[in-house]
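Asker: One structure coming up, written as structure tokens, with questions to follow.
The values are calculated or read from the model by the stated rules, or taken from the named source; none is laboratory data. The shown structure was predicted, so the numbers you read here are calculated from the model rather than taken from an experiment. Every residue, glycine among them, receives a Cβ derived from its backbone with ideal geometry; neighbour counts consider all protein chains shown. Areas reflect the complete protein model, heavy atoms only, side chains present, ligands, DNA and RNA absent. Shrake-Rupley method; radii C 1.70, N 1.55, O 1.52, S 1.80 Å.
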Amino acid sequence: MRIGIIDAELLGRDKHRFPNLVCEKISAYWKGKGAKVVLLYDYKELWKYDHVYISKVFTDTPCPQKLYDETWLEKHPKIHIGGTGFYFNKAPNLPDEIEHHMPDYHLYDDWIEDNVRKAEESAKLNGKPFNKNSYMIQFKEYLDYSIGFLTRGCFRKCGFCVNKKYDHVFKHSPLEEFYDPTRKKICMLDDNFLGCPHWKEMLNELISTGKQFKFKQGLDERLLTEEKCEMLFNSKYDGDFTFAFDKIEDYKLINSKLELIAKYKKNKSVKFYVLVGFDSTDAKDIENAFVRIELLLRYGCLPYIMRFQNKNETPWKDSKYRTLYVALARWCNQPSIVKKMSFRQFCEANQALKKTKDGTLCSTMKAMVDFEKEYPEIAKKFFDVRMEEHRKITEER
Ligand code: SF4
């Protein structure tokens, strides 16, 4: 039996670097049955395989149009497609025997080796040095982590989220189902881990492995308590603690949770996703983004701008403030910049790089100047806010 597996993101997104867990589980399942499993690098010659599985996570990942055609798929019953990239929030579940299978953490080994070989050859050809260690960093999620879901589901039903299938958080896989002790770290893909009534026992189990771990999709800060903060911030957490501040209506609640986080975070890095362009793409939306960013900077937390898009629309791109959205994301999403510069300083630095003699404004600077002319009060309040100064004030309290 020959099984072909396609990770659509691997083929459709150049910079994508995260293993597809479904592909890894399907691979392990079929290898367990003695099949020859091949990770495919294109959509050609699929007929060579007894079954081909194509998994796609993001709706905007390019892949052949015929895969969206039910009639075509009916005629090709050995091609199986799945994932939120095809079905958005209606993606069917995997059969239990695959869903609860230990993933094949070696599915991508040959692909990684190929990449290393090509990069080495290209460096040689161009007479450049090749630093394998720094090159390999991009593959760390494939090589260093055990990956899985301890829980599934979420009860919040946010309008912009694909996760609407369930209305509560429940235990999904025991840790041993996907934990490989030979791997350095553990990565959870849970949607709302802290919303599960069993969070404490599972967190204790994670901590007792002695490994570094992270929740890739972030954690729900609205559910933080003293006990949760104490356990999380004293654990061997891997990288930034990630939360989300999506709605301005949560301002008071988030403010109180930031007070709590401040008690425990010490010098640990805390990042918040800041959703923009969902409720609207007007000046109010821009102001709401700045209000949230200001609060986060005040507590020494990093804002990360997420511009809303779904499979059919990317509203911020049609906005009058399109360039401002880009500038905002470029300012916030580079920690070394947002830690040191205000929004105005960032735009001015862009302008300085442009070095125009006739005084033409670069697009970033123009977006800022135009908005400031239109809404001087918003600009006055937020364009000069700096994390460093905020931090001094907070530390002096
Ligand atoms: S809290 Fe997170 S996982 Fe839950 S619905 Fe909202 S965005 Fe989705």
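Asker: What is the calculated FRET efficiency for K200 to V369, with r their C-beta to C-beta distance and R₀ = 45 Å, to the nearest 0.05? Could you put the intermediate results ahead of the total?
Answerer: Details: r = 51 Å, r/R0 = 1.14.
E(calc), rounded to 0.05, equals 0.30.
Asker: Pull out the extension gain between E389 and N131, defined as 0.36 nm times the separation in residues minus the alpha carbon to alpha carbon distance; nm, one decimal.
Answerer: Here the answer is 89.0 nm.
Asker: Then there's this: Which shape class, rounded, prolate or oblate, goes with region 266-327 when its Cα gyration tensor gives a ≥ b ≥ c as root eigenvalues, a/c under 1.5 marks rounded, and past that a/b bigger than b/c marks prolate?
Answerer: Prolate.
Asker: I've got another one for you. Pairs of alpha-carbon atoms within less than 8 angstrom and 6+ residues apart define the contacts here; what relative contact order does the chain have, in percent? Don't skip to the answer; put the middle values down first.
Answerer: Numbers: 597 pairs, mean separation 37.8, N = 397.
Relative contact order comes out at 10 percent.
Asker: Using r as the Cβ-Cβ distance of L353 and L253, and R0 as 30 Å, what FRET efficiency do you calculate, to the nearest 0.05? Could the numbers behind the result be given before it?
Answerer: On the way: r = 40 Å, r/R0 = 1.32.
The calculated FRET efficiency here is 0.15.
Asker: Further, regarding this structure: For L125, what accessible surface area do you get with a 1.4 Å probe? Give it in Å², rounded to 10.
Answerer: 150 Å²
Asker: So, for the chain, what is the accessible surface per residue at a probe of 1.4 Å, expressed in square angstrom?
Answerer: 52 Å²
Asker: Computed FRET efficiency, Cβ-Cβ of K48 and K317, R0 35 Å: what is it to the nearest 0.05?
Answerer: After rounding to 0.05, the efficiency reads 0.30.
Asker: Per-residue counts of other Cβ atoms within 10 Å, averaged by peptide: what ranking do you get for 157-168, 203-214, highest first?
Answerer: 203-214, 157-168
Asker: Now a separate question. Using a Cα-Cα cut-off of under 14 Å, which aspartates and glutamates could be cross-linked to K132, ignoring same-chain neighbours fewer than 8 residues away?
Answerer: By straight Cα distance, K132 reaches E113, D114, E120, E121.
Asker: How about region 22-110: which trypsin sites (Lys or Arg not before Pro) there lie in a loop by DSSP and see at most 13 other Cβ atoms within 10 Å?
Answerer: Sites meeting the loop and neighbour criteria: K33, K44, K78.
Asker: Run the lone-cysteine check on the chain: no other Cys C-beta under 4.7 Å from the residue's C-beta.
Answerer: C23, C63, C154, C187, C196, C229, C301, C332, C347, C362 - these cysteines have no disulfide-compatible partner (Cβ-Cβ under 4.7 Å) in the chain.
Asker: Along the charge dipole of the chain, which of L324, Y145, F86 sits closest to the positive end, that is, farthest toward it, with unit charges on the beta carbon of Lys, Arg, Asp and Glu (+1, +1, -1, -1)?
Answerer: Result: L324, furthest along the dipole toward the positive end.
Asker: Name the shape class, rounded, prolate or oblate, that the alpha-carbon gyration tensor gives for region 287-369, where a ≥ b ≥ c are the square roots of its eigenvalues, rounded holds for a/c under 1.5, and otherwise prolate holds if a/b is larger than b/c and oblate otherwise.
Answerer: It is oblate, given that a/c is not under 1.5 and a/b is not larger than b/c.
Asker: Only bridges with both residues in the chain count here: give the DSSP antiparallel percent, nearest 5.
Answerer: So the antiparallel bridges in the chain amount to around 5 percent.
Asker: Moving to a separate point now. With the contact rule set at Cα under 8 Å and sequence spacing of 6 or more, what percent relative contact order holds for region 2-107?
Answerer: 36 percent
Asker: Let me ask something additional. Calculate the dipole size of region 139-396 relative to its Cα centre from +1 charges on Lys and Arg beta carbons and -1 charges on Asp and Glu beta carbons; express the result in debye to the nearest 20.
Answerer: 600 debye
Asker: Describe numerically, in nm with one decimal, the distance between label points set 7 Å from Cα along Cα→Cβ at K75 and at C158.
Answerer: 4.2 nm
Asker: Rounded, prolate or oblate: which fits region 39-83, taking a ≥ b ≥ c as square roots of the Cα gyration tensor eigenvalues, rounded meaning a/c under 1.5, else prolate when a/b beats b/c?
Answerer: oblate
Asker: How many Å³ per residue does the convex hull of the Cα positions in the chain occupy? Please report the intermediate quantities before stating the final value.
Answerer: Numbers: hull volume 73.1 nm³, N = 397.
About 184 Å³ per residue, rounded to a whole number.
Asker: May I ask you to give the percent of accessible area on the chain that is carbon plus sulfur, with a probe radius of 1.4 Å? Don't jump to the answer; show the numbers that get you there.
Answerer: Working: 10540 of 20580 Å².
Roughly 51 percent of what the probe reaches on the chain is carbon or sulfur.
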